[in-house]
Amino acid sequence: MNFRSLIAMIAVLALPLTAAVTINYNAPIFQSFQDSTGTVLDTSYTFAVGTFATLTPTDQNLSDWATDWQELGSVTFDTVLNTFSGAATLNDNSSPFTVDTPLYIWGYNSTDYTTGSEWVMLSNTTWETPSAAGTPPPFSMGADQVGTVALVGVLNDTGDVPYIQTAAVPEPSFYALLISLAVLGMAILRRRR
Amino acid sequence: MLRTILSFISISLAIPLTAQTFEVVSDPQGLQVFECEPGYTPIGITLVRPWVFSGTIESVTADTVTFAGTNITLDTYLDAGVAYYMEVTDVVDSEYEGDRWEVNATLTVADDNATMTLDMTNAWNTVATLPDLSGAHVFIRPHWTFATLFGTGDDAQLTGTASFTTADAVLLFDLDNQAFVSASYISSGAFNEFLSGSTNVTNDTIYPGQGVVIQNNQAVNATISYGGEVRTNDFAQPLIAGYNFITEGRPISSTPTERQMLPAGTGAWFGALSQPTSDQAIFWNGSSFGDTYWLADTGTSQFWFNTATGGTDYVNEEIIDHRVSYFIFRQNAGPLNFAPNEFPEL
């Protein structure tokens with residue numbers, strides 16, 4: 001084996017170099033974004049990209065989202081272009097952003113699970129954390145990409161208005177349920193007495 | 001696949017005028033056309049916009065240059081709203097031939113005299129502090145921008161939509177984050193702008209030697225064409241440690257030897273016995289930046305190998321294609337001049 005062959009063999013065995021990858025997250029411009037009451041979103045709303053450390057987000061574990069959320073980047077809602085468009089940098093694939101981990105877009109006015117909070121959570125089965133190794137082109141997460149759904153809130157991809165509507169969390173029905181249970185409990189107590 | 005068409009023309013006219021004969025020679029002009037298939041296409045922007053002022057520097061301060069001559073008022077040539085750079089030419093021999101500094105057009109126009117203020121904080125300056133350029137000849141050229149290079153509205157060469165998902169985009173490389181950033185051509189009604197995130201970058205600068213990738217999100221080819229002057233002086237190109245995404249300063253393909261990509265060259269390139277620990281040149285292979293050349297150095301011999309072709313030495317092969325943008329991965333920051341004086345003169 002001559003020197004050139006030896007060098008070439010070493011090269012093939014070499015590990016790739018690490019750089020970073022940009023993750024773009026956005027929606028089309030000039031769309032209608034509303035909260036649960038039909039009010040147009042303002043700059044109090046944030047749209048963030050990230051993942052959850054342990055849980056899979058459903059409407060059954062809303063109260064755990066904030067503590068489990070791992071945010072990669074966020075932008076304020078753009079009231080001029082009526083959209084959100086941000087770019088986050090993923091420098092490496094350390095936990096929780098390991099390759100293929102699901103990514104989400106969370107729109108909120110507060111991440112607190114409390115009265116007055118309005119959320120929309122967007123998901124797409126193709127939004128899996130890309131490898132940050134080498135020099136990959138940007139990774140795109142578009143609200144209008146095929147397959148994007150709202151886990152909480154509404155995403156109208158059929159041209160209906162609003163395009164995105166946040167949902168109140170906890171939902172008013174949740175409070176109604178609590179009040180009903182309280183009234184029921186009091187009624188039971190009264191009967192026992 | 002990338003197809004480019006490049007043509008040059010330099011016009012020389014000998015015009016007899018009564019008792020005298022004047023010879024007028026234009027700067028060489030070029031036209032470059034890129035056929036960008038759906039997907040990603042790195043392109044090389046090597047032509048420059050025509051200079052708006054040329055002159056000989058009489059004196060310098062820490063951040064200004066004053067031109068020799070009488071009755072020079074730079075506001076005649078410059079527009080406060082345009083980004084310009086000053087480049088040392090080869091008209092007069094200068095050790096700084098090819099170096100560039102950004103112009104502070106606002107202050108220069110406001111001063112309205114023969115003194116030009118430079119933006120010495122700009123990271124794209126090829127020399128951080130202004131040396132004594134007395135006697136040097138320079139060109140002042142406007143930069144390319146997204147708008148002047150790719151057009152908008154009726155002049156748009158890319159397909160714009162209201163959606164970041166379906167609009168074409170231009171990718172530049174962020175040296176600080178070591179990652180590509182996108183500028184999408186967003187078009188809806190009267191709104192026709194390049195947006196990076198929600199930041200309007202339509203009039204932002206694309207710097208000399210800066211690499212560019214076209215992201216064609218349509219099902220058909222995008223044709224990008226532009227015309228400009230061919231730089232006839234040397235080209236300085238600072239390199240940082242890590243990834244640099246660059247293109248050539250002139251429309252000339254070259255070999256690693258011609259580019260001085262060797263340990264003994266101006267750039268003091270670093271070679272070792274393995275690819276990850278060596279300096280590298282990485283080209284688009286049709287699906288990723290994976291066509292990797294690297295400098296092997298035994299201490300007595302140097303080779304430019306390709307990871308895909310084993311021991312074939314490319315040190316004297318024309319692998320540096322001027323039609324594309326490509327990565328240089330440097331183990332260490334380069335000196336300020338990447339290949340300043342070894343290009344063949346046009």
* So for region B:195-312, Kirkwood radius off the Cα pairs, Stokes-Einstein at 4 °C and 1.567 mPa s: how many µm² s⁻¹? -> 76 µm²/s
* To do: Pull up the DSSP beta bridges for region B:113-237 and report the antiparallel fraction as a percent, rounded to 5.
  => 95 percent
* Structure fact -> For chain B the mean separation of alpha carbon contacts under 8 Å (6+ apart) over residue count, i.e. relative contact order in percent, is 19 percent
* Asked: So what is the calculated 222 nm ellipticity per residue for chain B, using -39500 (n - 2.57) for each DSSP H run with n of 4 or more, over all residues, to the nearest 500 deg cm²/dmol?
  -> -1000 deg cm²/dmol
* According to the Cα gyration tensor, what semi-axes, each the square root of 5 times an eigenvalue, does the equivalent ellipsoid of chain B have, listed from largest to smallest in whole Å? -> 32, 28, 20
* **Virtual spin-label span in nm between B:L107 and A:T76, 7 Å along Cα→Cβ** => 3.0 nm
* **Reciprocal of mean inverse Cα separation for region B:209-264 (Kirkwood radius, Å)** => 14.4 Å
* Separation between the B:E317 and A:T54 pseudo-spin-labels, each 7 Å from Cα along Cα→Cβ, expressed in nm? -> 5.4 nm
* By how many nm would the segment from B:T298 to B:D155 lengthen if fully extended, with 0.36 nm per residue of separation less the alpha-carbon distance? -> 46.2 nm
* Asked: Using modelled amide H (1.01 Å from N, peptide plane; none on Pro or chain starts), what sits under 5 Å from the amide H of B:E97, excluding residues fewer than 5 places away?
  -> none
* **Label-zone membership for region A:99-120, site A:E128, 7 angstrom Cα→C-beta point, backbone N under 16 Å** => A:99-104
* Structure fact -> The whole-number value in µm²/s of the Stokes-Einstein translational diffusion coefficient for region A:20-106, with Rh from the Kirkwood sum over alpha carbon pairs at 25 °C and 0.890 mPa s, is 173 µm²/s
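Values quoted throughout were computed directly from the atomic coordinates according to the rules given, and no laboratory measurement underlies them. Keep in mind the model is a prediction, meaning the values are calculated, not measured. For neighbour counting, all protein chains shown are included, and Cβ atoms are generated from backbone atoms with ideal geometry for every residue, glycine included.
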